[in-house]
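A.B. asks: Mind having a look at this structure? Questions to follow.
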Amino acid sequence: MYESGVNSGIVQAIQVVALTTESDWRAATPVMRVLRPSLDEENFVSRRESLMCDGYALLGVKVGARMVSIASYTISPHVIYGRELLVHDMATLPDAQGRGHASKLLNELASIAQKQGCGRIFVHTRHAQALYSRNGFSEYSTGMIKKIDG
Ligand SMILES: CC(C)(COP(=O)(O)OP(=O)(O)OC[C@H]1O[C@@H](n2cnc3c(N)ncnc32)[C@H](O)[C@@H]1OP(=O)(O)O)[C@@H](O)C(=O)NCCC(=O)NCCS
């Protein structure tokens, strides 16, 4: 998944990549903090294997060597759709926003969903409706949560 981008006159490769290693997750942390400012890098990285075992997966967009955008997802069984892909986190570094990076990630998520037999993609969003609408999503229910102590 290569494309070239121009930054200060230098052509840089733009890549959408699966983030699986510890160093990938460290590079993803500042981007994840755009959405979740209190995220602690050591805590996040230390839970990498356990989260991945539970099916949590991370994708990133790199411009050259720099991680600029991330998305995380899981795939769950669904009684009607067979399976559905749930988007959990989506963020782009402030200075890289508006360049189509999140849209590229949504495109890749749609391709993963299709390959994995998912009948739909679900995301809960409060502030990024425009991004999703432009990428073929339509409004669906409002969510409700209950926090569980311990
Ligand atoms: C929401 C967010 C992830 C979007 O990331 P992004 O990389 O800027 O997204 P895109 O560039 O693909 O699309 C965003 C805008 O750029 C425009 N755009 C899309 N492709 C583009 C391209 N190739 N070139 C220029 N602009 C483009 C879109 O029209 C969109 O504009 P709009 O938001 O005014 O409708 C980012 O703004 C962010 O991190 N926000 C804070 C965290 C957050 O709210 N996350 C969402 C959780 S659900």
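A.B. asks: Search the range 81-96 for residues being charged (D, E, K, R) and either buried (at least 20 other Cβ atoms within 10 Å of the Cβ) or more than 8 Å from the ligand (Cβ to nearest atom) (or both), and hand back the single one that is farthest from K62 (Cα to Cα).
C.D. replies: Here the residue is R83.
A.B. asks: Restricting the search to the range 97-150, which residues are farther than 18 Å from A57 by Cα, within 12 Å of the ligand (Cβ to nearest atom) and assigned to a loop (DSSP other than H, G, I, E, B)?
C.D. replies: Within the range 97-150, Q97, G98, R99, G100, T125, R126, H127, A128, N135, F137, G143 qualify.
A.B. asks: For the range 95-150, how many residues meet the condition of being of a type in the set (V, I, T) and out of contact with any helix residue (DSSP H, G or I) (no Cβ under 7 Å at 6 or more places or on another chain)?
C.D. replies: Result for the range 95-150: 4.
A.B. asks: Okay, next question. Of (1) closer than 19 Å to S141 by Cβ; (2) basic (K, R); (3) buried (at least 16 other Cβ atoms within 10 Å of the Cβ), R126 satisfies all except one. Which?
C.D. replies: (3)
A.B. asks: Now for a different question. Any residue at all in the range 25-34 that's under 21 Å from N107 (Cβ atoms), buried (at least 16 other Cβ atoms within 10 Å of the Cβ), charged (D, E, K, R) and at pLDDT 95 or above?
C.D. replies: No, that holds for no residue.
A.B. asks: Another one. Could you please find all residues in the range 129-150 being surrounded by 11 or more Cβ atoms within 10 Å (Cβ to Cβ) and closer than 16 Å to E84 by Cα?
C.D. replies: Of everything in the range 129-150, just one residue is surrounded by 11 or more Cβ atoms within 10 Å (Cβ to Cβ) and closer than 16 Å to E84 by Cα, namely F137.
A.B. asks: Of the conditions (1) part of a helix (DSSP H, G or I); (2) within 16 Å of L105 (Cα to Cα); (3) of a type outside the set (A, V, I, L, M), E49 satisfies every one except a single condition; which number is it?
C.D. replies: (2)
A.B. asks: Just checking, does the range 39-56 include any residue being within 16 Å of the ligand (Cβ to nearest atom), among the aliphatic types (A, V, I, L, M) and touching a strand residue (DSSP E or B) at 6+ places or on another chain (Cβ under 8 Å)?
C.D. replies: Within the range 39-56, not a single residue is within 16 Å of the ligand (Cβ to nearest atom), among the aliphatic types (A, V, I, L, M) and touching a strand residue (DSSP E or B) at 6+ places or on another chain (Cβ under 8 Å).
A.B. asks: Continuing with this model, one more query. Cβ-Cβ below 6 Å, separation at least six or inter-chain, first residue in the range 110-138 and touching a residue at least 40 places away in the same chain (Cβ under 8 Å), second surrounded by 11 or more Cβ atoms within 10 Å (Cβ to Cβ) and among the hydroxyl-bearing types (S, T, Y): which pairs?
C.D. replies: The qualifying pairs are G119/Y81; R120/Y81.
A.B. asks: Quick check on the range 72-80. Is at least one of its residues in contact (Cβ under 8 Å) with a residue 60 or more places away in the chain and either assigned to a loop (DSSP other than H, G, I, E, B) or surrounded by 13 or more Cβ atoms within 10 Å (Cβ to Cβ) (or both)?
C.D. replies: No, because not a single residue in the range 72-80 is in contact (Cβ under 8 Å) with a residue 60 or more places away in the chain and either assigned to a loop (DSSP other than H, G, I, E, B) or surrounded by 13 or more Cβ atoms within 10 Å (Cβ to Cβ) (or both).
The values are calculated or read from the model by the stated rules, or taken from the named source; none is laboratory data. A quick note: this is a predicted structure, and the numbers were derived from the prediction, not measured. In this analysis, Cβ positions are derived from the backbone assuming ideal geometry, glycine residues included, and neighbour counts consider all displayed protein chains.
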